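Here the structure comes first, spelled out in structure tokens, and everything after it is commentary.
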Amino acid sequence: MNINVYTESTPNPATMKFIVNKLLINGSVDFATKESADKSPFAKELYKFSFVNGVFFASNFVTITKTDESDWADVEPIMKEFVKGAVESELKVQLEEQSEETNFEGSETEVKIQQILHDYVRPAVEQDGGAISYRSFNEGVVTVELRGSCSGCPSSTITLKAGIENLLKRMVPEVTEVVSEAL
């Protein structure tokens, strides 16, 4: 199979999405630090580049966060070539496959919130190179975790409040606010 790689910018200027014509992983996995990449040969190799500051995988793409000192014009061609070679040589995203089953737990309201996040919010967030995870629901407040390009993105607050919070308030009257848990 001939591997093609193309890039998409994300709302976060520090991240770029490298999309390939092959499934890399079922679900998503975030390697926000070099130390967290131990169980990912692919992420470990990416962190060998001094300008890589974060790695996030989902379905057929890898979102790479660069350091502030580097410029996408300089590093994008290098990363495109590396990602192509890594996928062609079948460098593993994870040593052990993690099954990402969608088992929603909690009260009826919590299950409804998780279902909405999974069905409506997750696909949109993944389009921007990120991921969202449900953490908790307590006294009207939904806590989520944003990863990938969403982590540290200047527009993530707008996405969280104007997008996700408004959607959940409309669909689940018990929701009064949505907040993001710091990583």
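Here the relative contact order of the chain, from alpha carbon pairs under 8 Å that lie six or more residues apart, stands at 22 percent.
The relative contact order of the stretch 55-134 comes to 32 percent, based on Cα pairs under 8 Å that sit 6 or more residues apart. Pairs from the list 39/66; 34/92; 66/92; 48/161; 22/48 with a Cα-Cα gap above 25 Å: 48/161. Converting the Cα gyration tensor eigenvalues of the chain into ellipsoid dimensions via √(5λ) gives semi-axes, longest first, of 31, 18, 14 Å.
Using the Karplus relation 6.51 cos²θ - 1.76 cosθ + 1.60 with θ = phi - 60°, the per-residue 3J(HN,Hα) values for the stretch 158-170 come to 5, 4, 5, 7, 6, x, 5, 4, 4, 4, 5, 4, 5 Hz, with x marking Gly and Pro.
Karplus-derived 3J(HN,Hα) values for the stretch 110-115, using 6.51 cos²θ - 1.76 cosθ + 1.60 with θ = phi - 60°, are 4, 5, 4, 4, 4, 5 Hz; glycine and proline are entered as x.
Over the chain, DSSP H runs of length four or greater, each weighted -39,500 (n - 2.57), average out per residue to a 222 nm ellipticity of -6500 deg cm²/dmol. Using the Cα gyration tensor of the stretch 1-72, with a ≥ b ≥ c the square roots of its eigenvalues, what is the shape: rounded (a/c below 1.5), prolate (a/b larger than b/c) or oblate (neither)? It comes out oblate by the Cα gyration axes.
Each value in this text was obtained by applying a stated rule to the coordinates, not by laboratory testing. Note that the structure is predicted; figures quoted are calculated from it, not measured.
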